[in-house]
Amino acid sequence: MSMEERMRPLLQQELADSRKSRAALASDIDSTSDLRRDSNVDDEHDPEGSTIAFELSQSGTLLRDTDARISELEAALTRLDEGRYGRCETCGAEIAEGRLEARPWTRFCITHAGSR
Ligand SMILES: [Zn+2]
């Protein structure tokens, strides 16, 4: 089985999981926002209000991270379809299999991973 054939189900699984957590997060944020509205608390001065605000900002960050992950995974699947998967976008070298197994969505070899 080629590397591409092995990575495709991994990427699809990871994408399905990320979409699931995104949906769960979004509904968490919805209900936390409702709670915040209903309780009508003062964010600045009420300790409960600042806890809710903090939770919302944490969830917001997580949601953005999850969105970013989803687009990376979708892009990786596109590269797989187009036969460009597993090559560094900076130098064109083949990305080590161990690295792809750990981070199947990666677009860079280990040398260029930190340079974007
Ligand atoms: Zn590279």
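The values are calculated or read from the model by the stated rules, or taken from the named source; none is laboratory data. This is a predicted model, so every value here is computed, not measured. Positions of Cβ are backbone-derived with ideal geometry, glycine not excepted, and every protein chain shown enters the neighbour counts. Calculation scope for accessible area: heavy atoms of the full protein, side chains included, ligands and nucleic acids excluded. Shrake-Rupley method; radii C 1.70, N 1.55, O 1.52, S 1.80 Å.
Structure above, values below:
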| read-out | value |
| --- | --- |
| Residue within the range 91-99 that is in a helix (DSSP H, G or I), within 16 Å of the ligand (Cβ to nearest atom) and either open to solvent by 60 Å² or more (accessible area, probe 1.4 Å) or touching a residue at least 40 places away in the same chain (Cβ under 8 Å) (or both) present | yes |
| Qualifying residue in the range 108-115 (condition: open to solvent by 30 Å² or more (accessible area, probe 1.4 Å), in a helix (DSSP H, G or I) and at pLDDT below 95) | no |
| Criterion: under 19 Å from A102 (Cα atoms), more than 11 Å from the chain's Cα centre (by Cα) and either among the aliphatic types (A, V, I, L, M) or assigned to a helix (DSSP H, G or I) (or both) - qualifying residue of L25, L80, L56 | L80 |
| Sole residue being without any contact (Cβ under 8 Å) to a residue 40 or more places away in the chain and within 30 Å of I95 (Cα to Cα), chosen from S2, S27, S21 | S2 |
| Lone unmet requirement of (1) closer than 17 Å to Q12 by Cβ; (2) modelled with pLDDT of 95 or more; (3) surrounded by 13 or more Cβ atoms within 10 Å (Cβ to Cβ) for T78 | (3) |
| Sole residue being out of contact with any Gly (no Cβ under 9 Å at 6 or more places or on another chain) and surrounded by 12 or more Cβ atoms within 10 Å (Cβ to Cβ), chosen from T51, T61 | T51 |
| Residue in the range 69-83 that is in contact with a Pro (Cβ under 7 Å, 6 or more places away or on another chain), away from the ligand (no atom under 15 Å from the Cβ) and aliphatic (A, V, I, L, M) present | yes |
